[in-house]
Amino acid sequence: QCIKPNGDKIKAIVDLPTPKTLKEANEFLGKINWYRKFIPNFARIAAPLHKVTNKTKHHRHEFKWGPDQQQSFDEFKRLLTTYPLFLEYPDSSTPFVLTTDASNIGIGGILRQDTPNGTKINYFKSRMLDDTERKYDTIEQEALAIFWCISELR
């Protein structure tokens, strides 16, 4: 048994044209955000989109869609149609493995179970680092990834 997203909703996202306005970019982010638990490194992929969508109402005229945003947009569409989008239900009789990673952009982790029938992915977690966290040493960012993932998944 597993958790799978709705195919019709995925098709609706894949059929969206490239955003031309701040509103359209925010709508895309809102729609894709539900799939973050299915997509590894979601925060890293979404970072270029957040860079242009965090404009206030008074600065929306500054919206500029560039190559980085297009690459992120295309990557999400590719992942929605090619990546195995499902999560396995946890099996309490099998040990869990949490793998984490950190970069200067974000932190994330994968909760999985290694079984005789193969690896079962239970959950993906990721988020962007704030300005203060980006100044942390690498080892501190890695420790933050572990702490945050355990806190989120407990």
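The values are calculated or read from the model by the stated rules, or taken from the named source; none is laboratory data. Model, not experiment: these values are computed from the prediction. Here Cβ is always computed from backbone atoms with ideal geometry, including for glycine, and neighbour counts include all displayed protein chains.
Here are some notes:
- Within the set S93, S151, the sole residue that is farther than 30 Å from T21 by Cβ, part of a loop (DSSP other than H, G, I, E, B), without any contact (Cβ under 8 Å) to a residue 60 or more places away in the chain and out of contact with any strand residue (DSSP E or B) (no Cβ under 8 Å at 6 or more places or on another chain) turns out to be S93.
- Breaking point among (1) assigned to a helix (DSSP H, G or I); (2) closer than 30 Å to E140 by Cβ; (3) touching a helix residue (DSSP H, G or I) at 6+ places or on another chain (Cβ under 8 Å), for A12: (2)
- In the condition set (1) within 19 Å of the chain's Cα centre (by Cα); (2) free of Cβ contacts under 8 Å to residues at least 12 places away in the same chain; (3) closer than 28 Å to R134 by Cα, P84 is compliant with all but (3).
- Among the candidates I139, I121, residue that is among the aliphatic types (A, V, I, L, M), over 22 Å from N33 (Cα atoms) and surrounded by fewer than 18 Cβ atoms within 10 Å (Cβ to Cβ): I139
- Condition broken by A25, with the remaining ones in (1) over 25 Å from E152 (Cα atoms); (2) assigned to a loop (DSSP other than H, G, I, E, B) satisfied: (2)
- Some residue of the stretch 96-113 being assigned by TED's automatic domain parsing to the domain that holds I146, over 25 Å from E142 (Cβ atoms) and surrounded by fewer than 19 Cβ atoms within 10 Å (Cβ to Cβ): no
- For the stretch 28-45, residues that are in contact (Cβ under 8 Å) with a residue 40 or more places away in the chain, part of a helix (DSSP H, G or I) and not aromatic (F, W, Y) total 5.
- If you filter the stretch 124-136 down to residues that are under 15 Å from the mean Cα position of the chain (by Cα) and basic (K, R), you find that the one that is surrounded by the most Cβ atoms within 10 Å (Cβ to Cβ) is K125.
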